[in-house]
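First comes the structure, then the notes that go with it.
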Amino acid sequence: MQISDKNNIELLRTMKRIRTFDETCQKLFVAGRIPGALHCYTGEEAIATGVCKVLEPSDYILSTHRGHGHLIAKGGEFKYMLAELFGKSTGYCKGMGGSMHLASVKHGILGANGIVGGGICIAAGVGFSIKYQGTDQVVVCFFGDGGISTGFFHEGLNLASIHNAPVVFVCENNLYSISMTSKRATGLDKLSTRAVSYNMPGETVDGNDILAVYESAYNAIERARAGKGPTLLEYITYRWRGHHAGEAGDGLFYREKKELESWKTKDPIRRYQALLLKEGKITEEKIEKMEMDIQQEMDDAIEFANNSPYPKAESIIELSMLKKE
Amino acid sequence: MRTITYSEAIHESIDYNMEKDETVFNLGEDIGVLGGGFRATHDLYEKYGRKRVLDTPLSEIAIVGAAIGAALGGLRPIPEIMYIDFTPGCMDMIVNQMAKIHFMFGGQIKVPMVLRTVCGAAGYNAAQHSQSMYPFFVHTPGLIVVTPSTPYDAKGLLNTSIADDNPVIFMEHKRLYTSKGEVPEEFYTIPFGKADVKREGDDLTIVATHALVHDALALAEEMEKEGTSIEVIDPRTLVPFDKETIFKSVEKTNKLIVADESILSCGMASEISAIVAEEMFDYLDKPIIRVASPNCHCPFSMPLEDAYIPGKEELKEAIAKVL
Ligand SMILES: Cc1ncc(C[n+]2csc(CCOP(=O)(O)OP(=O)(O)O)c2C)c(N)n1
Ligand SMILES: [Mg+2]
């Protein structure tokens, strides 16, 4: 598949932005600057980046508890995300949601979910609404390998399938649902085989290969846009950090250090960067400049979040129900 | 006597009952290798093996449903739902199956199971991980609902729960897991429907549950110095509910505050207030005051969650109204 030079560089930049954001957040969490639950996406960047690169600004996504990468890839800005993680009133959700509940409707980001699998049936409904109104939008629903064991998965995929809804179900299989392996939880080698039950195509792809992600997502999204119905994509990947930022030792009490180390050699960013360098599509200098710009964006976001005010206590009552103007 | 934590007390009861009774087993997410989110089942996996400390897929419906089935098949399951916030996802199993099977089938079938789960706001986990929605279960006939506030109560009530042939919802509280208290090493039980007078007093009664028991006790201690004598009562089980102990206290103090972390509207504080108002109206000198979570979702932002959680501040305001 041909990708323009500009897009090649964009893919690399987006992956690096996600890595910088989440690794910085991990540090801020440990330093006590970010409260609550924080789930880092480090190691999985190619999935959100590749999938969202195919989407138009008017397309929708539904995200998960490990959702920072999805937001960034769909156009979310560091400063409003970080302000939300700091619980500030300038955050995307006015400080009401935090890391697990980021949303930015103007970017088509219909919300991250603290309920695992909680977005799957909603995505079927968003797809239905697109068909109903006859637009050519598509909705992508991200969920983890844990999410595939919920009842939501069965009901949501079935409904999307019988309505031929323009939904792409993206299962990010990082091999673990906290301490439970996806193999033990399902008995399956490939979770995508479940697509058969819902009469839709299913494909298992290397989630650390950005080009493979992009190509498979392109096919599924264009298929949905063309009115041919939903697809189940499974991307195999691995999270480098613990289940959440507060989990001791990167989760190495239920996974092997060997396993983690071997996945680190499959770093999606280093892999892609090496390829672009080899093909002469980018130079070391350009990469350095790119990294400096991203660091600047991060530093600015920290300053913005630090300087923003906390929301007022009354806002929790005001937001509880929509008021008539 | 030795002191242990609330989490250790729960662990000790599960361990003892597993050792005593082969039919007792646990199932839930990350309860085995990980030992549970709050360490209540840690090392039981190593001791009893996968068969009796079953890590399940992320499938709340199947956890509760399979526990019901295992109970029908002759076992005594202890399913764990990681947070109470995930019980709406398996509410049919709880409300339409677990609670009703004994009744609908004319009493032929017992469902001896203890569904352990966790409530309470703590540590800024936002709207989907901070709830105390157990009034849903109180609203459902057929379920015993247990809310221990101390390590002593946790161990004694869990022992009673596991031995009981009714389905039990055992409500643990996030802010209490690391709290410590005296707990006997030997086996003991605490009967359901027996409130505990945690502190005696003459001027005012506070009925409180879970973490609010401790807020009320701390405040009573402070106010004693100012000459106000507060009685603190913990119902310990919401179903069955011991109204007699509360009525006796109200007869003496003539003033009542009810404090519970569930949402104010249709919450536990409201229910207890109604029970007392209905039968004890003549003894009350002042209106009953409810202390509860406000009628809105738990916000993420730090100062907002701090303001949202009912505690000593809200109790103080309530006391000012009745004294
Ligand atoms: C319905 C529900 N059950 C349990 C949880 C607790 N929980 C949060 S994340 C998680 C594991 C999810 O695993 P997976 O879907 O594979 O996503 P990952 O964390 O690996 O990205 C669990 C059990 C939850 N948030 N929602
Ligand atoms: Mg996973």
Angle between the Cα long axis of helix B:6-20 and the longest principal axis of chain B, 0 to 90 degrees, nearest 10? 40 degrees
Which order do you get for A:299, B:164, A:145 if you rank them by accessible area with a 1.4 Å probe, largest at the top? A:299, B:164, A:145
Can you give me the solvent accessible area of residue B:34 with a 1.4 Å probe, rounded to the nearest 10 Å²? 30 Å²
Give the cross-link partners of residue A:257 among the lysines, using a straight C-alpha distance below 17 Å as the criterion and excluding same-chain residues fewer than 8 apart. A:266
Residue-ordered couplings for segment A:53-68, obtained by feeding phi - 60° into the Karplus form 6.51 cos²θ - 1.76 cosθ + 1.60 and rounding to whole Hz (Gly and Pro as x), are 4, 6, 6, 8, x, 7, 6, 10, 9, 10, 10, 10, 4, 9, x, 4
Considering only C-alpha atoms, what is the centroid distance from segment A:145-210 to segment A:85-133, in Å? 20 Å
Could you report the buried accessible area between B and A, both sides summed, computed with a 1.4 Å probe and given in Å² to the nearest 100? 2600 Å²
Once you keep just the Cα pairs under 8 angstrom separated by 6 or more residues, what percentage relative contact order results for segment B:3-182? 27 percent
Of A:183/B:51; A:312/B:286; B:252/B:316; A:79/A:289; B:180/B:321, those spanning more than 23 Å from alpha-carbon to alpha-carbon: A:312/B:286; B:180/B:321
So, in Å, what gap is there between the alpha-carbon centers of segment B:213-273 and segment A:13-55? 46 Å
Using a Gaussian network for chain A with springs between C-alpha atoms less than 10 Å apart, which of these wobbles most: A:111, A:75, A:127? A:75
With a cut-off of 8 Å between alpha carbons and a minimum separation of six or more residues, what is the relative contact order of chain A in percent? 22 percent
Check which residues have an amide H placed less than 5 Å from residue A:176's amide H, if you skip close sequence neighbours. A:182
Any aspartates and glutamates with Cα under 15 Å of the residue A:190 Cα? List them, leaving off those in the same chain fewer than 8 positions away. A:145, A:172, A:203, A:206, A:234
When DSSP assigns beta bridges and you keep just the ones with both residues in the protein assembly as shown, what percent turn out antiparallel, to the nearest 5? 15 percent
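The values are calculated or read from the model by the stated rules, or taken from the named source; none is laboratory data. All values reported here derive from a predicted model rather than from experimental measurement. We work out accessible area using only protein heavy atoms, side chains counted, and drop any ligands, DNA or RNA first. Shrake-Rupley method; radii C 1.70, N 1.55, O 1.52, S 1.80 Å.
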